[in-house]
């Protein structure tokens, strides 16, 4: 307990170093400000000054990569001129069974979001990954980096997503064609998917997403290799866990942190980066610490 107290006091004294080291990851662009996983949201996140754009990938029936958090049209954010989308029927709008022309007909930017009431509403559609990245690269005045989650679940294989091998191969080929592989982190909750990516020779960073963090040695044993990054749910971590991860040479980038109090605490605990829906808030906090 004395050690933890000393660590926190030491970090509080060293605000300048903290602010310079910690990366800002714009979650789904800047979901608290603009519709998630949309071109306008990502462009705004770049303008705010994020270090990394966080996004999610799924696959459609033509094996095109779609930027979307779900492999279906989530009723919370989706609408259509000819269909009523509700929580009870949203799985019927399965992206893996749809062509892109049909996908584009769904609006994911104008429906009121109950969890982000101040989010600006703009008519938007789910973009093709191959169309999105060149636009972001052109807009960015620096080599923006990407933190990309493969939305793969064994339980949804075949029905809502291809096999992990096909998914991984498709994403790697696209990253290489777009020229962003070495600036990209690929993250996934499914450890077998991460193993496939490593076996295929992915040249970027691999991040293990975890909901309830286990001891780091246990996580490494499950993976079968030492990942570049551990990304845990921020609610279940403290200074001791952070130190245990970093002692293995692994970066720790928790998700999804949205209040000033929580952001401040994690900065003080010296995480390597933070995934947030409000990158503007985190950027301001980081800037204040470096003064």
Would you confirm, using the coordinates I've provided, whether residue 126 is buried (at least 20 other Cβ atoms within 10 Å of the Cβ), closer than 17 Å to residue 98 by Cβ and out of contact with any helix residue (DSSP H, G or I) (no Cβ under 8 Å at 6 or more places or on another chain)? no
Inside segment 240-273, the number of residues satisfying the requirement of being surrounded by fewer than 17 Cβ atoms within 10 Å (Cβ to Cβ), part of a loop (DSSP other than H, G, I, E, B) and either at pLDDT below 95 or out of contact with any helix residue (DSSP H, G or I) (no Cβ under 9 Å at 6 or more places or on another chain) (or both) is 1
Among residues of segment 219-228, those that are closer than 23 Å to residue 27 by Cβ and touching a helix residue (DSSP H, G or I) at 6+ places or on another chain (Cβ under 9 Å), counted: 2
Only one of (1) closer than 13 Å to residue 278 by Cβ; (2) in contact with a helix residue (DSSP H, G or I) (Cβ under 7 Å, 6 or more places away or on another chain) does not apply to residue 44, and that is (2)
So which helices (runs of 4 or more DSSP H) are wholly in segment 157-237 and hold at least 1 residues that are modelled with pLDDT of 95 or more and within 18 Å of residue 146 (Cβ to Cβ)? 164-178, 191-199
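The values are calculated or read from the model by the stated rules, or taken from the named source; none is laboratory data. None of the values given here were measured: they were computed from a predicted structure. Neighbour counts are summed over all protein chains in view; Cβ atoms, including those assigned to glycine, are modelled from backbone coordinates with ideal geometry.
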